[in-house]
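This report refers to the structure that appears directly beneath it.
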Amino acid sequence: MQIPSKYDASQVESKWYEYWMKHHFFHSEPDEREPYTIVIPPPNVTGILHMGHMLNNTIQDVLIRRARLQGKNACWVPGTDHASIATEAKVVAKLKEQGIDKNNLSREEFLKHAWDWTHEYGGVILEQLKKLGCSCDWDRTKFTMDDDMSEAVIKVFVDLYNKGLIYRGYRMVNWDPEAKTTLSDEEVIYEERQGLLYYIKYQVEGTNDALTIATTRPETIFGDTAICINPNDDRFKHLKGKKAIVPICNRVIPIIEDDYVDVEFGTGCLKVTPAHDENDKVLGEKHQLQVIDIFNDNATLNSFGLHYEGKDRFLVRKEIQKELEEKEHLVKTENYLNKVGTSERTKAVIEPRLSDQWFLKMEDLVKPAIKAVLEDGDVKLFPKKFENTYRHWMENIRDWNISRQLLWGQQIPAYYYGDGKEDFVVAETIEQALTLAKQKTNNQQLTTNNLIQDTDALDTWFSSWLWPISVFDGIRYPENKDIQYYYPTNDLVTGPDILFFWVARMIIAGYEYRDEKPFQNVYLTGLVRDKQRRKMSKSLGNSPDALKLIEEFGADGVRVGLLLSSAAGNDLLFDEALCQQGKGFANKIWNAFRLIQGWEVADIEQPKSSKIAIDWFEAKFQETLLTIEDHFSKYRISDALMETYKLIWNDFCSWFLEMIKPEYQKPIDKTTYQAAIAILENNLKILHPFMPFLTEDIWQYISERTPKEALIISKWPKSVNYNKALISEFDFASEVVSGIRNIRKEKNIPFKDAIQFSVINNENVTSTFDEVIVKLGNIESINYTTQAIEGALTFRVKSNEYFIPMAGAIDIETEIKKLTEELNYTEGFLKSVQNKLSNERFVAGAPEQVITNERNKEADALAKIETIKASLQSLK
C-alpha cells in the first residue's frame, strides 16, 4: 500500500468512523463476556457541542475503547434530554418570530410545534460527537421523551404516589418569571447583590403616630396584610391592638404581635406579606391573615398594584421610591448587601410565590443513597473530596418540587373529576383513572369526558433520574435481559455541578427501583477554563468553536489537547497550543511509522545493539503499562495519556528507533524489523483509546487486515514480568550517550568521525549497553581503564569518568577558562550544601529523605570537582 507522506486527519477520520459503524463495532448485545457499561449524561436536545461536552465525552470514549480492547462487552448508551425549560423557551421564541403567541395555542398544537422543532434541531449534538470519534452504541440512542421512556416516568410517578411519597401541596415555591414555571430549591442559585434597605413610614390609624419598617422590596407593600411587633419590645407597647395604614394603597391592616420578630433588625417593626415571603407565609397562617398576590406570572404587577399595574417589579421599585418620597413616607435608604435567588437556567431573579404544586417526599428515599456513598463505598466518587458536598446536600434535603408550569415534558398523570382540590385520582392512563374515579365517587355514570388531566409537566430531572434504568427498559420490564446484563453500569463521567440534580437522584432511584446502585464509579470532571482561568462563555468570546478545532487540529489532536490541559484544582486550563501539540504528536508517530516502513529488510544477522534495544523497550513498555493501569484505576486519565505520550515520543521515537536504525542505505535485519513492528502495534493499542483515528489508520497500513483484525477490537497488551535492571542500566547508558553528544556538539566534532572512548568504571556498570553506546556515540570501541587519560576531554555520569582524547587542535585557553568557571560554580554549590549539613538544627529537623538528598548532592559535587580538576590538569 502507498503510504501518504503526511497524515491528513480530514481524510482519515470519516473513513474509519464509517468503517467502524459499517462493521457494528460500537454495538453491544448481552453475551457471555463481562459487560462494561457507560450511560452518557444526556445533553440537552437543544444543545450544540461545547468544550465541556468535548472533555466529558473524550474521557468516556477513552474508557469505553480501553474496555473494548480488554475484551469486555463495551456498551456506551447515547441519548438526549428533552430539557423542558430550555426547549420550551426556544420553541416559544421561534413561534414569536412567526407571529404566534403560545397562549393562543392548545396543548396539542404547542406540542406539535415542539416535536417539529425537536425533529429539526434535536440530535445535532449527537452527530457532532461522532466527529470527535465517540464510539457510542448508536442503535441504542434514547431521548427522554421517547414513548417508552415517558411511559416509565409515568409508571414511577403513579408508583410513588401510591406509596404515599408524592403529594400535592399549597406551598411557597420558587417562581421563575422568565420561564414562567416553578423551580426546585436546587435550581436556585443565590448571589450576593448590592441593594438598598428602604425605611418606610406607616400611619397608625386614628392617631398622629407613625411607625417605620425597613424592607429591601418596597414594591411589595401592595401585598402587606399586617405589621408585626415583638410582644417583649417595650418601644411598641402603645401599638398593641391598633391598626396601620399601608402607604399609597391606604389599606388598613392589623398590628400583630409575635416573638418571631428580631428586635435588633431594622426598626423592630416587620411588614407581613404572606404571598411573597416564606417566613411571612408562616406568620400569616398562624395569625390567619389575608393573602394578597400582587404579581402576574411574568413578575409584572397585577391590579393590586393600582397605577403600577402591568409594570415590571424592578421598574416599580424605582418609581415607588419617588412616590414614597413625594408623599413623605420614605424616611431614608441605606446600602444593603442582599442574597438574591436566581434561576439556574434563565438567570432571572426568583419570585417567592404561593402555588399548588406536586412534591416528592425525600427524607426516607435518600437513606440508601447516603449509605451507598458515605458508609459502604458501593458508589465511589472521584475526586473523593466531593463526598463532603454530597453529604451536605443529602443530609439537608427538602421535599422535591416535581411539577413545572410547562407544556413540554411528561404531563402529570393526575385526573380531576370535580371542582375540589382533592377531587382527583392518579393513574397511568385515562381509562385506569376513570375506573378509580368511579370507585372514589360511587358514580358509575362518569366518563372520560368528565376527567381533566393536570396541566403541569414533570420536572425534567424526574425523567433523567431514571436514565441508567430506563435506557435498558428496566422500569417497564424489570426482568428483561438488557437490564439484567448491563445494570448496574460501571462508570459515570459528569460534571460536579449536577452531582445533586442528577447523580444523587439516580442513586436514589437505583435503590428504590432495582435495590442496587446504578453505577460503581462517578468521575467528576472539572470545568474547562481558558488559560487565564476564566470560565468559558459566549459573552467573553473565549469559548472556541469545537468543530473548528477538530477541523484545524484533527479529532485526535483535540482529544490529546483537552487531556493534556493542566489541572487547576478540579478545573482544566485549556490552551489551543495543546491541540497543536496533539497534532504534532500525531505527525511524530506517523513519521516514525513511515521511517520503519521505509527500511529495506534483509535476512541478515541481528546486531547485538538491536537485540538489547528490543529487550530494553519491551521491559520499558511493561513498566509503563503498569503505571498506566494504576492511573486508570484512579481515574487519572490525563496522567495515563502523559505516560503513553512519553513512552512513544521519548523512549520509542527518540531512543529505540535510533538504536535499531540501520546504517545509511543499508538494510535492517528481519528479526529486528519484525520486533519493531510488534512493538509499534503494542504502542498503537495503548494509544488507541486516546487517538483512535491515527492508530487505526497506521494499524491498517502495517498489513492487510480483515474487519475481525481491526485495531478497535484487538487485544489490550498483557502485563508480564520484566527485567527492571535493564531499565536502570539503559537510563545510565543514555546519560553516557548524551555526554558524548554534548562534547561532539561543543567541540564541533562531526558525527561521521568515529572517536576513541575510555572509561574509569567506578560504578561497576555492566557492559550490557556497550554496543548501543558504541552505535549511538559513533565510537571506535569502549576502553576500560583505571588511569585518567592525559589531554582528553572528560565528563562524568555519577562516579564514572569518561574520556574522549582530543585528536585535533582546540582552543586551550578558552577550554581552561570555561572549565575554571564551572569549577568555581560547583565549589560554591558544594559550600552551600555543606553549610546546610553542618547546621545541627537543619539536620535534626529535616526528614530523613531530605538529608539523604543533600548528602547525594554533596557526593555528586565532590565527584564533579575532581573530574573538572583532572580535565584542567590534562590541559595545562
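The values are calculated or read from the model by the stated rules, or taken from the named source; none is laboratory data. None of the values given here were measured: they were computed from a predicted structure. Backbone-built Cβ (ideal geometry, glycine too); neighbour counts: all protein chains shown. Remember, those area values only see protein heavy atoms, side chains included, never the ligands or the DNA or RNA. Shrake-Rupley method; radii C 1.70, N 1.55, O 1.52, S 1.80 Å.
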Original post:
What percentage of the solvent-accessible surface of segment 665-788, computed with a 1.4 Å probe over protein heavy atoms, is contributed by carbon and sulfur atoms?
Top reply: 47
Original post:
Roughly how many Å is it from the Cα centre of segment 574-601 to that of segment 346-386, as a whole number?
Top reply: 47
**OP:** Please list the radius of gyration and Dmax for segment 231-344, considering alpha-carbon atoms only, with Å as the unit.
**Re:** 15.6, 46
Original post:
Which cross-chain or sequence-distant (5 or more) residues have an amide H under 5 Å from the amide H of residue 173, H modelled 1.01 Å from N in plane?
Top reply: 353, 354, 355
**OP:** Rounded to the nearest Å, what's the spacing between the alpha carbon centres of segment 136-150 and segment 710-769? Just the number, please.
**Re:** 55
Subject >> Candidates per GluC sites (Glu not before Pro) in segment 360-451, loop by DSSP, up to 12 other Cβ within 10 Å >> reply: 363, 375, 422
**OP:** Can you check how the C-alpha radius of gyration of segment 689-759 compares to 2.2 N^0.38 Å, as a plain ratio?
**Re:** 1.88
Original post:
For the chain, what does the equivalent ellipsoid look like in terms of its semi-axes, each the square root of 5 times an eigenvalue of the Cα gyration tensor, given largest first in whole Å?
Top reply: 71, 38, 23
Original post:
Just the Cα atoms of segment 281-337, one point each, no solvent: what log10 I(q)/I(0) does Debye give at q = 0.13, 0.16 Å⁻¹?
Top reply: -0.48, -0.70
Original post:
What whole-number value in Å² describes the accessible area per residue of segment 555-634 for a 1.4 Å probe?
Top reply: 40
Subject >> Accessible area in square angstrom per residue, segment 773-876, 1.4 angstrom probe >> reply: 62
Original post:
Taking Rh as the Kirkwood radius, which is the inverse of the mean 1/r over Cα pairs, what is the Rg/Rh value for segment 20-112?
Top reply: 1.18
Original post:
For segment 459-465, in order, what is each residue's ³J(HN,Hα) by Karplus, 6.51 cos²θ - 1.76 cosθ + 1.60 with θ = phi - 60°, in whole Hz (x at glycine and Pro)?
Top reply: 3, 3, 5, 6, 9, 6, 5
**OP:** Find the all-direction average of the projected area of the Cα convex hull for segment 152-260, expressing the result in square nanometres with one decimal place.
**Re:** 11.4
**OP:** Collect residues whose amide H, placed 1.01 Å from N in the peptide plane, falls under 5 Å from the amide H of residue 516; neighbours closer than 5 in sequence don't count.
**Re:** 511
Original post:
Taking segment 395-437 as the region of interest, what is the percent of Cα-Cα pairs per 10 angstrom bin, listed from the shortest bin to the one with the maximum distance?
Top reply: 24, 39, 29, 8, 0
**OP:** Write down the accessible area per residue of segment 217-360 in Å², having rolled a 1.4 Å probe over the full set of protein chains.
**Re:** 48
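Based on the Cα gyration tensor of segment 93-143, what are the three equivalent ellipsoid semi-axes, each the root of five times an eigenvalue, rounded to whole Å and given largest first?
The equivalent ellipsoid of segment 93-143 has semi-axes of 32, 13, 5 Å.
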**OP:** Per residue of segment 173-180, in order, report the coupling 6.51 cos²θ - 1.76 cosθ + 1.60 (Karplus, θ = phi - 60°) as ³J(HN,Hα) in whole Hz, putting x for Gly and Pro.
**Re:** 10, 8, 9, 8, x, 7, 7, 6
Subject >> D (Stokes-Einstein, µm²/s), Kirkwood Cα radius, segment 584-660, 0.692 mPa s at 37 °C >> reply: 237
Subject >> Radius of gyration and maximum dimension Dmax of segment 615-673, Cα, Å >> reply: 14.5, 47
Original post:
For residue 71, which sequence-distant residues (separation of 5 or more, or a different chain) have an amide H within less than 5 Å of its own amide H, given hydrogens modelled in the peptide plane?
Top reply: 716
**OP:** Report ³J(HN,Hα) in whole Hz for each residue of segment 570-575, in order, from the Karplus equation J = 6.51 cos²θ - 1.76 cosθ + 1.60 where θ = phi - 60°; Gly and Pro get x.
**Re:** 9, 8, 10, 9, 8, 9
Subject >> Percentage of interatomic Cα-Cα distances in segment 629-760 larger than 23 Å >> reply: 50
Original post:
What's the carbon and sulfur percent of segment 96-251's accessible surface, probe 1.4 angstrom, rounded to a whole number?
Top reply: 45
Original post:
Relative contact order for segment 201-262: what is it in percent, counting Cα pairs under 8 Å that are at least 6 residues apart?
Top reply: 38
Subject >> Value of D in µm² per second that Stokes-Einstein yields for segment 1-68, Kirkwood Rh from Cα pairs, at 37 °C (0.692 mPa s) >> reply: 217
**OP:** Sort 189, 350 by accessible area with a 1.4 Å probe, largest first.
**Re:** 189, 350
Subject >> Span-like helix ranges in the chain, DSSP H, alpha carbon extent 24 angstrom or more, Kyte mean at least -1.0 >> reply: 51-69, 576-598, 608-633, 670-687, 724-746, 812-837, 848-875
**OP:** Can you grab the distance from the C-alpha centre of segment 274-333 to the C-alpha centre of segment 1-77, Å, no decimals?
**Re:** 56
Original post:
Can you pull the Rg over Rh of segment 373-506, Cα-only, Kirkwood?
Top reply: 1.09
**OP:** With all distinct Cα pairs included, what does the Kirkwood hydrodynamic radius of segment 51-162 come out to in Å, to one decimal, could you say?
**Re:** 16.7
Subject >> Förster radius 22 Å - calculated FRET efficiency between residue 540 and residue 48, Cβ distance, rounded to 0.05 >> reply: 0.80
**OP:** Show me 142-151, 817-826, 724-733 ranked by packing, highest mean number of other Cβ atoms within 10 Å first.
**Re:** 142-151, 724-733, 817-826
